[in-house]
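Here's the structure, in structure tokens; my notes come after.
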């Protein structure tokens, strides 16, 4: 793993869950540290774009959230 990729350690929410902006969404592992990615918006989690254990590039789509109106 380099500075341009990370591994999905575990999802903290499931498809169908309601999330709040800033709520913990997924734990990732980079070359040096584990971090938690927070939900950028409030809404319903509609899709997980990557599976646990999958290696992804920094900036890749991880999930889709349908914003509340």
The Cα radius of gyration of segment 5-67, divided by 2.2 N^0.38 Å with N its residue count, comes to 1.04
Length gained if residue 30 through residue 17 is fully extended, taking 0.36 nm per residue and subtracting the Cα-Cα distance, is 2.1 nm
Note on segment 5-67: contact order normalised by length, alpha-carbon pairs under 8 Å, 6 or more apart, percent, works out to 37 percent
Ranked output for segments 21-27, 58-64 by mean other Cβ atoms within 10 Å, highest leading, reads 21-27, 58-64
Going from the fewest other Cβ atoms within 10 Å to the most, one would list 9, 15 as 15, 9
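None of the figures in this text is laboratory data; all of them are computed from the coordinates on show. Model, not experiment: these values are computed from the prediction. When we count neighbours, we look across all protein chains shown, and the Cβ atoms used for this are built from the backbone with ideal geometry, even at glycine.
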